[in-house]
Each structure stands twice: as structure tokens, then as C-alpha cells.
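Student: One structure is given below, represented as C-alpha cells, and several questions about it will come after.
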Amino acid sequence: MAPLRSRPICAVYLCFVVSWVGRRPDEGGHGLNDPKDNGALRTGASTVVPTRSNVVYITLKSRRRKPVHIRGTVRPKVRKKSERNKSENVTFTHNKRALTEVNIGEHFKTHDFDYKSLDINAESTKDGSDISSIRLYGQKAPPWFSQLDMDTMRFLADAKVLRVRKISHSHLSSSLFVFEGDSDVHRAAQKGSRRSAVCAGQCGLIRSPVENSEVFAFHLDRVLGLNRTLPAVSRAFSFMHDGQSCPVVSWDASLFPEAFAAGWATVRLSWREYQSSLKLRCWQKNSSPKPDAGCSTIHHYEWSKVALFDFLLQIHNRLDRSCCGFRPRREDACVELGYHAECVEQENIQLTNIVHRDQDQRHLVFVNNKGFFDRNEDNLDFRLLEGIKEFPESAVSVLRNQKLREKLLQSLFLDQTYWESQGGRQGIDKLIDVIEKRAKVLLTYINAHGTKVIAMKT
């Protein structure tokens, strides 16, 4: 009887084996042995689902990731260089580039004159490639850039360097390096500028790598429609800053009416005088103020523009040099230089970097735009907004319609060197995240204080 009982069990087991062996691989769920999965693993294919709307998604080739420098005051590590032969008369050629880099550095350490000049073989400063680091994603540049902007950006990024000069004066906190370039840039780029002892042609001002936020500031200015900054790009020079990318800003001789030795064409105002001029609404409706009214030469609307721009980037070196409106850190310049102690008498603190062109004293030029991206929302400098009763409609509309990220991505993509120096799309997104959060804070501030948003055509 035992064998008879086992027959049903054997039959069931036989049916199970036959059904399992005869099963096709495309039935049921997919496992690691699925041929489709194997194909995906071999090709490395994946499906990317966009996480944001209204954003231009840009695909770049995979590159080595570099650290993202968020803090504007991060200081680069000092590298110990090995001893090299230091000859003062070495031809700058491709074969002797490493040797000449050291000689240039040693040359710039001298302070016998106000500025030094160094002639460089023009062919030596290009890598032999005709491909510009200013790239376009599409047939046209973004509409917020003028043709002059594009010409100047290409000059700063690609021009062969003919001469490098070091400028060191008492009114400067640090030395500046100006390069004179050779380029077929459109002649309109030099229209309105004038020759000076510093630059005989078209030049760029080379800044430190830790000031790379100057480039971001330029693009933000154009996207918001303010148009108050000088064109800036990121560029790497083999003979400076260990080859790191650094901001290069367009040189404008009209900002120095009495040659460079006299410094910027600036407006001197104390905080009390500045607040008084805001109440007087100087030069509004093109009406001339009374001589004894206490007005400066700057048009009333300019203060609204600089306040909005500086708040988004948390630039305090214009309206709040002493860092009275937020909690500074010990390594911040305002603390190291003792300016923060001036907050005891805030009314007498002087505004700085209030710059205009000598032939256009009504409008500001935003210079030294070193932004800070690591300041939290609970430590923002609201002193920058004090006394401001209206903001430019063109800029606020960009913040309100949530087009800021899309436009900044399109704009910053043009500068390939800056894009890659910040870690590509991932790093750029982190920077835009910070600006978007501050934009929301600013919009909340505008609504809470009933600040007007008006068209400002000056």
C-alpha cells in the first residue's frame, strides 16, 4: 500500500520540475540572470528622471570631480616648491615653461616701482587649441548678454597674453595683476574706454582663485537685468596661482579719472549720510537736488539695485564693511582688520567701494563682488536692506517667476572653466540652491515690509 500512496506525491513533484525547467526567462520578475538586465549592465544604461521643471539639463562628459569651494574666504594650501634655477633672462617657450613660471613669480615680488611690466611671448600662453572656453548651448547666447559682453568674455578667456603687470599702491589692500591681451575682438569692446599708463590696449584684471565668486556675481547681475558689473570669466594661467583657475575681470580705465594712482572714482558717504540720501530720493525724476540737501551724485534707484544684489550674494564690503548686520567669524576680514569694533558708532561708519565712471556719476559700477555662499538663513545681513523702500521690477520678477535656476544654469554653462572648477552641474546646483533660498527670504521681506516693486529706467 505504501507505493500506491507515494504515487500522487511523485506526480505532483514531476509536474513541478517540468514547469520550472520549461519556464521562459521573460515570464515573471527579472533577476540577475535576466538577459535584459545583463544587457543593461554591459552597456551601463540607466534611466534619468528629471527632478525639476523648467530647467535646461546639460549633459557633460564624465570628468574627475573636484572639490566645490563654497566659502569665499577659503585660503588655498601653500605648496612647497622645489628649488629651481632662477635666471632672469629666460625665454618664455613651451620647452622652458616650468622654469619661467618661477621667474615670473620672483619678478612680481619686487616693489621698486608702482607697477612692473613683463613682456611675454604671445604664443606661449595658449595651449595650441583654437577652441574657446566660452561655449554656447544652442545657436545664440542668452538674451541677457549683449554682443559687447560676449566679445569681452571671449577676449578675457582666450586672448593671448602679451604683457603682465603688477600694480601695488597704498590704497590697495593687496597687489593687482593686469594682463594685456592680443585678440581680434570686436572694436566695440574698446569703445568708451581710454588708454592709460596701466593698459595700452584691452586688458583683464587677474584676481585670486578664492575670489571666483566674481564670475558668479557677473552672471547673476546679467540674469537679473541690473547690468552693473564688469564682465568676468574664469581662466587658468600656467605662470600664476599654480595653474588654478581664477577670475579675470575686464579692465575699465574710465573708473580711474586721475590715473590709477588716485584710485577708483568713488563716492564718500557715512552711514548716516547714506540713510539721509535715501529719504531725500536724490535725482529721482531727473530733478536736481538743492546744493545743501546733502545728496551725492548717485541716482536714488542705484541704491535699491546694489542692496538687492548684495543681499543675494551677502556682499558686505560696500554697505556694511564693519559686518554690523550679522555675526562675523574670527577669520573674516572685518574682524581681522579691526573694522567690526566700529559697530559701536554705526552712524559714522564709511561706505566703501561705491564706484562710478568719471563720465557717468549717476550710476554705480559694482566692483570687488566677492560673495559668500556659506552664510545660513539665520545669519543674513539685513542691514544691507535698511532704508530701501523699493526694488527693481525686472530683478524681482525673475525671483518671483522661479526662472532664476534655469537662467543661471544657461548663463554659467557658457564659462566652461568656471563650470568645471566648481564641480560641474552638481557644484553649480549647490551654489544656486543658496541663492534661491535667499531669494525666498528677500521676497518674504518685501511682502512683510510692503516694499514697492517698480520699473527703474535710469
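The values are calculated or read from the model by the stated rules, or taken from the named source; none is laboratory data. Since we're looking at a predicted model, the values are computed, not measured. Here the Cβ is made from the backbone with ideal geometry for all residues, glycine too, and neighbour counts use every protein chain on show.
Student: For region 338-352, does any single residue satisfy the condition of being surrounded by fewer than 17 Cβ atoms within 10 Å (Cβ to Cβ), assigned to a loop (DSSP other than H, G, I, E, B), without any contact (Cβ under 8 Å) to a residue 40 or more places away in the chain and over 22 Å from the mean Cα position of the chain (by Cα)?
Tutor: Among the residues of region 338-352, at least one is surrounded by fewer than 17 Cβ atoms within 10 Å (Cβ to Cβ), assigned to a loop (DSSP other than H, G, I, E, B), without any contact (Cβ under 8 Å) to a residue 40 or more places away in the chain and over 22 Å from the mean Cα position of the chain (by Cα), which makes the answer yes.
Student: Another one. Taking ILE435, is it under 14 Å from the mean Cα position of the chain (by Cα) and either without any contact (Cβ under 8 Å) to a residue 12 or more places away in the chain or in a helix (DSSP H, G or I) (or both)?
Tutor: Considered against the rule, which asks whether it is under 14 Å from the mean Cα position of the chain (by Cα) and either without any contact (Cβ under 8 Å) to a residue 12 or more places away in the chain or in a helix (DSSP H, G or I) (or both), ILE435 comes out as yes.
Student: Just one of the numbered conditions (1) assigned to a helix (DSSP H, G or I); (2) touching a Leu at 6+ places or on another chain (Cβ under 9 Å) is not true of CYS334; which one?
Tutor: Result: CYS334 fails condition (2) only.
Student: Still on this structure: Yes or no: VAL223 modelled with pLDDT of 90 or more, surrounded by 19 or more Cβ atoms within 10 Å (Cβ to Cβ) and outside the structural domain of GLN402 (by TED's automatic domain parsing)? Steps first, please.
Tutor: Details: modelled with pLDDT of 90 or more: yes; surrounded by 19 or more Cβ atoms within 10 Å (Cβ to Cβ): yes; outside the structural domain of GLN402 (by TED's automatic domain parsing): yes.
Here the answer is yes, as VAL223 does meet what is asked.
Student: Of everything in region 221-248, what is out of contact with any strand residue (DSSP E or B) (no Cβ under 7 Å at 6 or more places or on another chain) and of a type in the set (Val, Ile, Thr)? Give them in sequence order.
Tutor: Answer for region 221-248, where residues must be out of contact with any strand residue (DSSP E or B) (no Cβ under 7 Å at 6 or more places or on another chain) and of a type in the set (Val, Ile, Thr): just VAL223.
Student: When region 307-316 is examined, which residues are found to be assigned to a helix (DSSP H, G or I) and crowded, with 22+ Cβ neighbours inside 10 Å?
Tutor: LEU308, PHE309, ASP310, PHE311, LEU312, LEU313
Student: With the requirement that a residue be aliphatic (A, V, I, L, M) and either modelled with pLDDT of 80 or more or in a loop (DSSP other than H, G, I, E, B) (or both), what does region 231-265 give you?
Tutor: ALA232, VAL233, ALA236, MET240, VAL248, VAL249, ALA253, LEU255, ALA265
Student: In region 406-432, how many are of a type outside the set (S, T, N, Q) and not in a helix (DSSP H, G or I)?
Tutor: Selection size over region 406-432: 4.
Student: Okay, moving on. Among (1) more than 22 Å from ASP360 (Cβ to Cβ); (2) at pLDDT below 95, there is one condition ASP320 misses while meeting the rest; what is its number?
Tutor: Checking ASP320 against (1) more than 22 Å from ASP360 (Cβ to Cβ); (2) at pLDDT below 95, the one that fails is (2).
Student: If you take the residues of region 353-384 that are hydrophobic (A, V, I, L, M, F, W, C) and assigned to a strand (DSSP E or B), which of them is surrounded by the most Cβ atoms within 10 Å (Cβ to Cβ)?
Tutor: If we take residues in region 353-384 being hydrophobic (A, V, I, L, M, F, W, C) and assigned to a strand (DSSP E or B), then LEU364 is surrounded by the most Cβ atoms within 10 Å (Cβ to Cβ).
Student: So, LEU385, is that one within 14 Å of the chain's Cα centre (by Cα) and not assigned by TED's automatic domain parsing to the domain that holds PRO143 or not?
Tutor: No.
Student: Would you be able to say whether some residue in region 308-322 is more than 16 Å from LEU384 (Cβ to Cβ) and among the basic types (Lys, Arg)?
Tutor: no
Student: Let me confirm something: among ASP332, ASP310, which residue is under 27 Å from ASN227 (Cα atoms) and among the acidic types (Asp, Glu)? Write out each step before concluding.
Tutor: Values: ASP332 fails: under 27 Å from ASN227 (Cα atoms).
Every option except ASP310 fails the conditions.
Student: Out of the residues in region 317-337 that are of a type in the set (A, V, I, L, M, F, W, C) and in contact with a helix residue (DSSP H, G or I) (Cβ under 8 Å, 6 or more places away or on another chain), which is surrounded by the fewest Cβ atoms within 10 Å (Cβ to Cβ)?
Tutor: Result: ALA333.
Student: Hey, another quick one. When the residues of region 266-295 are narrowed to those that are at pLDDT below 90 and polar (S, T, N, Q), which ends up surrounded by the most Cβ atoms within 10 Å (Cβ to Cβ)?
Tutor: Top of the filtered list is THR266.
Student: Continuing with the same structure: Is it the case that region 410-433 has a residue that's over 28 Å from LEU156 (Cβ atoms), modelled with pLDDT of 95 or more and β-branched (Val, Ile, Thr)? Before you say what the answer is, go through the steps one by one.
Tutor: Step one: of region 410-433, the residues over 28 Å from LEU156 (Cβ atoms) are none.
No: region 410-433 contains no residue that is over 28 Å from LEU156 (Cβ atoms), modelled with pLDDT of 95 or more and β-branched (Val, Ile, Thr).
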